[in-house]
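Chemist: First the structure, then my questions, so here it is.
The values are calculated or read from the model by the stated rules, or taken from the named source; none is laboratory data. Quick caveat, the model's predicted, so the values are computed rather than measured. Positions of Cβ are generated from backbone atoms using ideal geometry, with glycine treated the same way; all protein chains shown enter the neighbour counts.
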Amino acid sequence: MMIEEVQAHLRAAQSQIGREGRFALTLSLDGREECYITHWFRPDPHAFEDCKAVGSGTITECLAALDRYVASNRTAAGRSRAEAPALMAAE
């Protein structure tokens with residue numbers, strides 16, 4: 001899987017979650033081909049940034065964990081964006 005595909009997956013997850021924050025993907029450099037994904041966010045505008053572990057393992061396992069995390073934490077705004085019909089231009 002190319003890094004651009006992973007970035008696109010992370011961006012899609014971010015748009016579906018519908019809240020401020022960011023997902024971070026960390027890769028190991030010790031030859032084990034492991035990674036983990038975390039979700040960084042501010043629970044309150046004046047709070048320090050907080051972090052939730054999303055998944056760990058291979059990149060495929062991490063992205064599957066990300067999909068499960070998004071499905072269980074999707075907001076109404078994120079759902080409406082994901083489910084909104086595409087607008088078509090009139091001819």
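Chemist: Which members of the range 1-20 meet the condition of being surrounded by fewer than 17 Cβ atoms within 10 Å (Cβ to Cβ) and assigned to a loop (DSSP other than H, G, I, E, B)?
Modeler: Selection gives MET1, MET2, ARG19, GLU20.
Chemist: Test of understanding: among ALA13, ALA71, which residue is among the small types (Gly, Ala, Ser), touching a residue at least 24 places away in the same chain (Cβ under 8 Å) and touching a helix residue (DSSP H, G or I) at 6+ places or on another chain (Cβ under 9 Å)?
Modeler: Details: ALA71 fails: touching a residue at least 24 places away in the same chain (Cβ under 8 Å).
Just one listed residue meets the conditions, ALA13.
Chemist: On the given criteria, is ALA47 of a type in the set (A, V, I, L, M) and in contact with a strand residue (DSSP E or B) (Cβ under 7 Å, 6 or more places away or on another chain)? Quick ask: steps written out before the conclusion?
Modeler: Values: of a type in the set (A, V, I, L, M): yes; in contact with a strand residue (DSSP E or B) (Cβ under 7 Å, 6 or more places away or on another chain): no.
For ALA47, the condition - of a type in the set (A, V, I, L, M) and in contact with a strand residue (DSSP E or B) (Cβ under 7 Å, 6 or more places away or on another chain) - is not met.
Chemist: Those residues that are surrounded by 15 or more Cβ atoms within 10 Å (Cβ to Cβ) and either hydrophobic (A, V, I, L, M, F, W, C) or under 20 Å from ARG74 (Cα atoms) (or both), I need them from the range 37-60; list them, please.
Modeler: ILE37, THR38, HIS39, PHE41, VAL54, GLY55, ILE59
Chemist: Considering only the range 7-30, state which residues are more than 10 Å from the chain's Cα centre (by Cα) and not small (Gly, Ala, Ser).
Modeler: ARG19, GLU20, THR26, LEU27, LEU29, ASP30
Chemist: Next question, about the same structure. Would you please list the contacts, defined by Cβ atoms under 8 Å and residues six or more apart or on different chains, that run from a residue in the range 39-51 that is of a type in the set (D, E, K, R) and in a loop (DSSP other than H, G, I, E, B) to a residue that is modelled with pLDDT of 90 or more and surrounded by fewer than 10 Cβ atoms within 10 Å (Cβ to Cβ)?
Modeler: From residues that are of a type in the set (D, E, K, R) and in a loop (DSSP other than H, G, I, E, B), the pairs are ARG42/PHE48.
Chemist: Out of curiosity, is ARG22 out of contact with any helix residue (DSSP H, G or I) (no Cβ under 9 Å at 6 or more places or on another chain) and of a type in the set (Lys, Arg)? Full working, then the answer.
Modeler: Details: out of contact with any helix residue (DSSP H, G or I) (no Cβ under 9 Å at 6 or more places or on another chain): no; of a type in the set (Lys, Arg): yes.
No: the conditions fail for ARG22.
Chemist: Right, here's the next one. Please verify whether LEU29 is hydrophobic (A, V, I, L, M, F, W, C) and at pLDDT below 90, treating the condition exactly as stated. Can you show your working first?
Modeler: On the way: hydrophobic (A, V, I, L, M, F, W, C): yes; at pLDDT below 90: yes.
When the stated conditions are applied, LEU29 passes them.
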